[in-house]
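Notes to accompany the following structure.
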Amino acid sequence: MRCGYRTILMLGALVLGAPAALAQTGLPADTELRRQRFLTSILDPNGALSRTVARDRQGCAGGVAPMNDRASRAGGVYFLPDSSDTCVATLTRTAREGKLDTLYRGLMRDLTGDEEAYELLPKAIGAAAIKNEIVVPLGEGRGMTLKPALAFDAGFTVGYRQGFAGSPPTIADQRLKAIAEGCLDQQGNLNNCFLAGRVYGYRATGAQVSAR
């Protein structure tokens, strides 16, 4: 699914004559500034609309965000942030609004016909991801196929809420970002994806666990 906010940005860039006009001033510093403004708008409760953030979160968890980003950049929005940055900002905004459960409530309803125990789904996903099992048991013989992007989302949800039982892992920022990019593009080890999401979720609470 194409993200509404990003589509608006693409149209705005094309109206302004991008990428030709922007290329004249598209210095690295300018690009970085545009990307930071984009991310800030997601985090700002008075910026991007909550319903747009919710759509973007579904795109991230569904593994289509990187594809949409590649299409947007090809269309002229060269300053669009990497999917890992955008999706983490989207998840952080969702967490701050107390809406991390919304995705899992909908998933449980779609998969089982009701919302019972939806709040346990992120942990169930984590339990499967840690063992690199692609099926998440849902009870009564039902199961859900697990993919990397959803494992990342579940990891963020658990990390934001519960952090880590012991000392959190240390991981270099570039390595963490590379893992996240792969996960959001439906590539990578499920365990790594859940762990990367959990680190990002833990950081979103204000904690720092990076090793630069």
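The values are calculated or read from the model by the stated rules, or taken from the named source; none is laboratory data. No experiment lies behind these values; they were computed from the predicted model shown. Using ideal geometry, Cβ is built from the backbone for each residue, glycine included, and neighbour counts are taken over all protein chains shown.
Of all residues in region 160-212, those satisfying the criterion of being modelled with pLDDT of 95 or more and of a type in the set (Val, Ile, Thr) are ILE179, VAL199.
If you scan region 163-194, which residues turn out to be in a helix (DSSP H, G or I) and aromatic (Phe, Trp, Tyr)? Steps first, please.
Residues of region 163-194 that are in a helix (DSSP H, G or I), as a first pass: 173-184, 190-194.
Result: PHE194, single match.
Scan region 138-176 for residues that are touching a helix residue (DSSP H, G or I) at 6+ places or on another chain (Cβ under 7 Å) and on the phi < 0 side of the Ramachandran plot and report the count.
22
Scoring GLY141 on the criteria (1) of a type in the set (Gly, Ala, Ser); (2) at pLDDT 95 or above; (3) farther than 30 Å from ARG37 by Cβ leaves a single failure, condition (2). Cβ-Cβ distances below 6 Å connect the following pairs, each with a first residue in region 36-47 that is touching a residue at least 12 places away in the same chain (Cβ under 8 Å), a second residue that is of a type in the set (Lys, Arg) and surrounded by 15 or more Cβ atoms within 10 Å (Cβ to Cβ), and a separation of six or more residues or different chains: ILE42/ARG93; LEU43/ARG93.
Residues in region 44-70 that are loosely packed, with under 15 Cβ neighbours inside 10 Å and either within 23 Å of GLY182 (Cβ to Cβ) or of a type in the set (A, V, I, L, M, F, W, C) (or both): LEU49, ARG70.
Filter region 85-137 for residues that are in contact with a strand residue (DSSP E or B) (Cβ under 7 Å, 6 or more places away or on another chain) and modelled with pLDDT of 95 or more and give the result.
Of the residues in region 85-137, the ones in contact with a strand residue (DSSP E or B) (Cβ under 7 Å, 6 or more places away or on another chain) are 111-112, 124-125, 128, 134-137.
Those that are in contact with a strand residue (DSSP E or B) (Cβ under 7 Å, 6 or more places away or on another chain) and modelled with pLDDT of 95 or more: ALA124, ILE125, ALA128, ILE134, VAL135, VAL136.
When region 67-109 is limited to residues that are basic (Lys, Arg) and over 22 Å from ARG203 (Cβ atoms), the one that is nearest to the chain's Cα centre (by Cα) turns out to be ARG70.
Looking only at region 131-150, count every residue that is in a helix (DSSP H, G or I) and loosely packed, with under 14 Cβ neighbours inside 10 Å and tell me the total. First the steps, then the outcome.
Within region 131-150, the first condition is being in a helix (DSSP H, G or I), and the residues that meet it are 148-150.
After this cut, where a residue has to be loosely packed, with under 14 Cβ neighbours inside 10 Å as well, the list is none.
Here the count works out to 0.
Considering ARG96, ARG109, which residue is basic (Lys, Arg) and in contact with an Asp or Glu (Cβ under 7 Å, 6 or more places away or on another chain)?
Details: ARG96 fails: in contact with an Asp or Glu (Cβ under 7 Å, 6 or more places away or on another chain).
Sole residue among the options that is basic (Lys, Arg) and in contact with an Asp or Glu (Cβ under 7 Å, 6 or more places away or on another chain): ARG109.
Residues in region 154-211 that are among the acidic types (Asp, Glu) and either under 19 Å from TYR104 (Cβ atoms) or surrounded by 14 or more Cβ atoms within 10 Å (Cβ to Cβ) (or both): 2 in all.
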